[in-house]
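Down below is the structure, laid out as structure tokens.
The values are calculated or read from the model by the stated rules, or taken from the named source; none is laboratory data. Being a predicted model, the structure only gives us computed values, none of them experimental. Here the Cβ is made from the backbone with ideal geometry for all residues, glycine too, and neighbour counts use every protein chain on show. Calculation scope for accessible area: heavy atoms of the full protein, side chains included, ligands and nucleic acids excluded. Shrake-Rupley method; radii C 1.70, N 1.55, O 1.52, S 1.80 Å.
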Amino acid sequence: MSVDGAIDLFTESFGVRPQVVASAPGRVNLIGEHIDYNGGQVLPMAIAQRTWVAMGSSGRSTSQAVSASASGMVEFDAGSPQRSGQWWDYLHGTLRELRGVGRPTSVQVAVTSEVPQGAGLSSSAALEVATALAGLVVWNGEAESAREQLATIAHRAETEFVGVACGVMDQTVSAFAREGHALRLWCDSGKREHVPFHRAVLIVDTATPRALRHSRYNERRAECDVALHELQRSDATLRHLAHATPQAVQQATLSDEVRRRAAHVVGETRRVGEFVDLAMRGESVGAVMLASHRSLRDDYECSSPELDWVVEHAMQLDGIEGARMTGAGWGGCAIVVGRESALRELSQSIVPEFASEWRRAPSTWMSTAASGARIDWVPTA
Ligand code: GLA
């Protein structure tokens, strides 16, 4: 998959060359899990796997799209509020948002992607952000000045059109990440900081069905709202759960379950700062990653037996520094950091061992921090 693949697919499908190819990456979150919608800090990084969107204006009233991983050409009216429940909803939702900011939106689109779908690596954010960037180029000519809008357009497509109540982390890192850096994001103010991060990360997908992920996610969000409202009874100035102190969480009148959710949130947002300080000093981030995993497993209850197994298994090997689940959880991926040779060994050995334990083959990828959305190709004269 590459820029050329997207240009070829576009040309074969529509008989003309595209006006632009833009791409955007998937992501892992290094630490700061279930924090974005609680107004705290997160530290995701873009991964090497990207999605490419080749686009040109269609000259008709509807849009058409093809994807290398789906058969056939689809046609839809980007102005319509009607979802299909299919892959092009991400495209459709993003084009609809672009229309909302004054861009006409009848286009032809060809998509190629190496971001695995359904693994919790934000393939949807990658598609939305790449579509938004390509769209801004098609209608603006240049997109750098409009780049600030990318994450907002993509996030609105996901929440308003596709209907997933996610936080801002995935679209923001896909839009703004910088190669060799993790992105520290303060989700209350939107402030961003690029944190140098040159370590390799091993990503292990536990290949678990994702059926319940959305409902569980919404359930946790609701529990966090309950905690926030209760804490606001004694501190009316508290705007986000992540701003509460551990003491306030312990003293508030909360059910045991809701108190554990809140304890995770206030602890995890602090761990982001610790992780950044340790990484900047070149020290081990292992202990803080493990503390994050334990908190997600025991207090937030969003891990899975497979994810716990990967973390425990990885930690038994020499040269491994730390491991934790990443993303929403209830399946999906774990990340492991450590010496690169140890990660490479683990990426081989874990596949048969996981398969014999769980009767499912996991996928593994190595990645360093990659760049965010970019324009990969425009025609030369
Ligand atoms: C999903 C959501 C993100 C974030 C993570 C948990 O990936 O899309 O917004 O909430 O879960 O940290």
* How about the range 115-178: which GluC sites (Glu not before Pro) there lie in a loop by DSSP and see at most 14 other Cβ atoms within 10 Å? -> Glu142
* Would you please calculate the Kirkwood hydrodynamic radius of the chain over all C-alpha pairs and express it in Å, rounded to one decimal? => 21.3
* To do: Once you have the Cα-Cα distance between Gln316 and Glu75, take 0.36 nm times their residue separation minus that, and quote the gain in nm to one decimal.
  => 81.6 nm
* Structure fact -> Averaged per residue, the 1.4 Å probe accessible area of the range 201-367, protein heavy atoms only, in Å², is roughly 46
* Structure fact -> Here the gain from full extension of Ala165 to Gln82, 0.36 nm per residue of separation minus their alpha-carbon distance, amounts to 28.1 nm
* Asked: Is the range 132-285 rounded, prolate or oblate when judged by the Cα gyration tensor, a ≥ b ≥ c being the square roots of its eigenvalues, rounded requiring a/c under 1.5 and prolate requiring a/b larger than b/c?
  -> prolate
* Kindly state, to the nearest 0.05, the FRET efficiency for Glu257 paired with Ser13, given R0 = 56 Å and r defined as their beta-carbon distance. => 0.65
* **Of all accessible heavy-atom area on the range 110-238, the percent that carbon and sulfur account for (1.4 Å)** => 48
* To do: Take the Cβ-Cβ distance between Thr380 and Val101 as r, set R0 to 25 Å, and report the resulting FRET efficiency rounded to the nearest 0.05.
  => 0.30
* Expected-Rg normalisation [2.2 N^0.38 Å, Cα atoms] applied to the range 201-367 -> 1.14
* **Cα centre as origin, Lys/Arg/Asp/Glu Cβ charges: the range 12-137 dipole, Debye** => 280
* **Dipole of the range 201-367, positive end: most advanced residue of Ala342, Val310, Thr245 [Cβ charges, Cα centre]** => Thr245
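Using Cα pairs closer than 8 Å and at least 6 residues apart in sequence, work out the relative contact order for the chain, in percent.
24
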* Cβ-based charge dipole, the range 201-367, positive-most Cα from Ser363, Gln232, Phe275 -> Gln232
* **GNM result for the chain, Cα springs below 10 Å: residue of Trp330, Trp88, Trp309 fluctuating most strongly** => Trp309
* Okay, helix-only estimate at 222 nm for the chain: each DSSP H run of n ≥ 4 adds -39500 (n - 2.57), divide by all residues, round to 500 deg cm²/dmol; what do you get? -> -13000 deg cm²/dmol
* Structure fact -> Whole-Å distance linking the alpha carbon centroid of the range 146-212 with that of the range 1-67 is 13
* Asked: To the nearest 20 debye, what charge dipole does the chain have about its Cα centre, counting +1 at the Cβ of each Lys and Arg and -1 at the Cβ of each Asp and Glu?
  -> 520
* To do: Kindly provide the trypsin sites (Lys or Arg not before Pro) of the range 182-243 that DSSP labels as loop, not H, G, I, E or B, and whose Cβ sees at most 16 other Cβ atoms within 10 Å.
  => Lys191, Arg210, Arg239
* Asked: Tell me, what are the semi-axes, in whole angstrom and largest first, of the equivalent ellipsoid of the range 234-318 as set by the roots of 5 times the Cα gyration tensor eigenvalues?
  -> 27, 18, 8
* Structure fact -> Expected unfolding gain across Lys191-Leu278 under the 0.36 nm per residue rule, minus the alpha-carbon gap, is 29.2 nm
